[in-house]
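Take a look at this one; I'll ask things after.
What follows draws every value from the coordinates through simple rules; no lab data is involved. Worth saying up front: this structure is predicted, and the values here are computed from it rather than measured. Note that we place each Cβ from the backbone using ideal geometry, even for glycine, and neighbour counts take in every protein chain shown.
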Amino acid sequence: MSGEKRRPATRVVEAGRCPEWTSLEGQPGGMVNPPVWRGSTHLYEDTADLAKGRPNADGHFYYGRRGGPTQWSLCAALTELEPGAEGTELFPSGVAAIAATLLALLQPGDELLLTDNAYEPTRSIAAGMLKRLGVTMRTFDPLDPDAFAAAISERTKLAMLESPGSLTMEVCDAPALTAIAKKHGVLTAIDNTWASPLGFAPLQHGCDVSIMSLTKHVGGHSDLMMGSVAAAKPLIERIRLHSQYMGQVVSPDDAALALRGLRTMAIRLARTTSSALEVAEWLAQQPQVSAVLCPMLPGAPGHDLWQRDFTGGCGLFSFVFADADKKARARFIDALDLFGIGFSWGGYESLVIPVDPGRTRDFSAWPESVDNGSGLGARLAIGLEDPEDLIRDLERGFAEMGTI
Ligand SMILES: *Cc1c(COP(=O)(O)O)cnc(C)c1O
């Protein structure tokens, strides 16, 4: 709780461990972790207490749908880790967090500006649900601030960023984009799942709302779905109200799992970042690879902005095959032993998926600076295995892939 100046690795250990949630009143000592407070019903002292009601904020027993100490402890921890935030709301998934933010901040007649490299379900929410509600969506090229400025209209109320972008990993100039938005009275939200607040502090870079899928780095063990939204007042209160309208609540058991994951997040991110860098450096030297899209890699697209604005990375990046068709790519992926084929990432285990961004993009499928090669890509999520074993596995993949 104390010591805001402490370093991030210390803060993930300390955050949210309020004595009132880890100890019994009037008794010395306490638990390291807040217990799992399961419960729908919170009891009132008497009818006068019931009539008095409760403030609509964390820390006040009211009814299970507003959470209890286990969830509040996680909210407090995430707020402490997010510089500039004054509150955090939890959601049953990252997508639920994104949908709630969009619903809370947009109304019929408004327009959403969405980064072209957004997580695909974010685009689907905008193109489907929001459209039905009379909210239009326009995409923008995250690498072109001038075009972003030109796309803003009277109706633009919110811009949604994501950096690095899903699949293609473009790093946008967040301070430039948010400054433009601010000048036009447009709010900005960012999907900060890749970096987490340990790697990028959205509110310090001009964003109004920071969204994260806790399913990834915070959970960290591929056994949990959850999302969070953090912001300063009054925005966080608006989002909280909408979350309550929608009846959004996460279970105390899941909140305890997320807290458990959070405690090791800094060390897991440090390890997956260094391993990813090692694998990315190796991939960059392989003749089968035309481009490595890993912002942490010197010389890779987005590296300069990453170095300027970010304080950390993670294990997730993509690469483009120099010369492959879909069958050759499938041979490569199927030959891998240590990389599971699956969605999501941020767990302790490595994963791979084929990447074909073109079908969901209005602007270039790959960053312009990339020599497109075959145009076929793969995304790797580097886990906690020994990077040398991962490289050996990839080497076998390329051998199995052979030539087209
Ligand atoms: C996975 C992911 C989400 C969605 O999170 P879920 O918890 O799976 O709903 C949102 N944004 C990004 C960038 C993601 O990778």
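How large is the dipole of region 266-401 about the Cα centre if only Lys and Arg carry +1 and Asp and Glu carry -1, each at its Cβ, rounded to the nearest 20 debye?
That gives a dipole near 340 debye.
Also, quick follow-up: Would you give the gap between the C-alpha center of region 7-59 and the C-alpha center of region 317-366, rounded to a whole Å?
44
Rounded to the nearest whole Å³, what is the per residue volume of the convex hull around the Cα atoms of region 164-278?
129
According to the square roots a ≥ b ≥ c of the eigenvalues of the Cα gyration tensor, what is the shape class of region 306-404, taking rounded for a/c under 1.5, prolate for a/b larger than b/c otherwise, and oblate for the remainder?
It comes out oblate by the Cα gyration axes.
Same structure, new question: Using +1 at the C-beta of Lys and Arg and -1 at the C-beta of Asp and Glu, which of VAL250, ALA85, ALA48 has the Cα lying farthest in the positive direction of the dipole of the chain?
Positive-most Cα among the choices belongs to ALA48.
Here's something else I'd like to know. Taking only pairs that are 8 or more places apart or on different chains, how many Lys pairs in the chain have Cα atoms under 20 angstrom apart?
6
Going by amide H atoms built from the backbone, whose H comes under 5 Å of the H on MET137, apart from near neighbours?
Long-range HN contacts for MET137: LEU112.
Moving on. Pull out a ≥ b ≥ c, the square roots of the eigenvalues of the alpha-carbon gyration tensor of region 217-345, then state rounded if a/c is under 1.5, prolate if not and a/b is larger than b/c, and oblate in the remaining case.
Since a/c reaches 1.5 and a/b is larger than b/c, the shape of region 217-345 is classed as prolate.
Ok, one more. Gain in length, LEU241 to ASP389, computed as 0.36 nm per residue apart minus the alpha-carbon separation, to one decimal in nm?
The span from LEU241 to ASP389 would gain 48.4 nm if fully extended.
Over the chain, what is the relative contact order in percent, taking alpha-carbon pairs closer than 8 angstrom and at least six residues apart?
16
Then there's this: List the longest stretch of the chain that has no exposed loop site; here a site is one of the chymotrypsin sites (Phe, Trp or Tyr not before Pro) assigned by DSSP to anything other than H, G, I, E or B, with at most 13 other Cβ within 10 Å.
Result, exposed sites excluded: 64-342.
Of the beta bridges DSSP finds with both residues in region 8-263, what % are antiparallel, to the nearest 5?
Antiparallel bridges make up about 35 percent of those DSSP assigns within region 8-263.
Under the rule of at least 5 residues apart or a separate chain, name every residue whose amide H is placed under 5 Å from the amide H of THR188.
Close amide H contacts, sequence-distant or interchain: ALA159, ASP208, VAL209.
Moving on. So what are the ³J(HN,Hα) numbers for region 237-246, from phi and the Karplus equation (6.51, -1.76, 1.60; θ = phi - 60°), rounded to whole Hz, Gly and Pro as x?
For region 237-246, the Karplus-derived couplings read 6, 5, 5, 4, 4, 5, 4, 6, 4, 8 Hz, x marking Gly and Pro.
Still on this structure: With θ set to phi - 60° and the Karplus curve 6.51 cos²θ - 1.76 cosθ + 1.60, what are the ³J(HN,Hα) couplings of region 6-17 in order, to the nearest whole Hz, using x for Gly and Pro?
The phi angles translate into 5, 6, x, 5, 6, 5, 5, 7, 8, 4, x, 8 Hz.
Name the long-range amide H neighbours of ALA324: under 5 Å, sequence gap of 5 or more, or other chain; modelled H, no Pro or chain starts.
Long-range HN contacts for ALA324: SER374.
By how many nm would the segment from ASP356 to ASP304 grow when fully extended, if each residue of separation counts as 0.36 nm and the alpha-carbon distance is taken off?
Gain on stretching ASP356 to ASP304: 16.2 nm.
Residue by residue, what Karplus-based ³J(HN,Hα) values in Hz, rounded to whole numbers, does region 89-102 have, using 6.51, -1.76 and 1.60 with θ = phi - 60° and x for Gly and Pro?
10, 9, 9, x, 7, x, 5, 4, 5, 5, 4, 5, 4, 5
How many angstrom lie between the C-alpha centres of region 257-272 and region 149-175?
Computed from Cα coordinates, the inter-centre distance equals 28 Å.
Taking a ≥ b ≥ c as the square roots of the eigenvalues of the Cα gyration tensor of region 112-198, is the shape rounded (a/c under 1.5), prolate (a/b larger than b/c) or oblate?
Oblate, since a/c reaches 1.5 and b/c is not below a/b.
Still on this structure, I have one more. Rg to Rh for the chain: what is it, with Cα atoms only and Rh by Kirkwood?
We get a ratio of 0.99 for the chain.
I'd like the orientation of helix 69-81 relative to the chain: the angle between its Cα long axis and the longest Cα principal axis, in ° from 0 to 90, rounded to 10.
50
Explain nothing, just the number: dipole magnitude of the chain about its Cα centre with +1 on each Lys and Arg Cβ and -1 on each Asp and Glu Cβ, in debye rounded to the nearest 20.
Here the chain has a charge dipole of around 900 debye.
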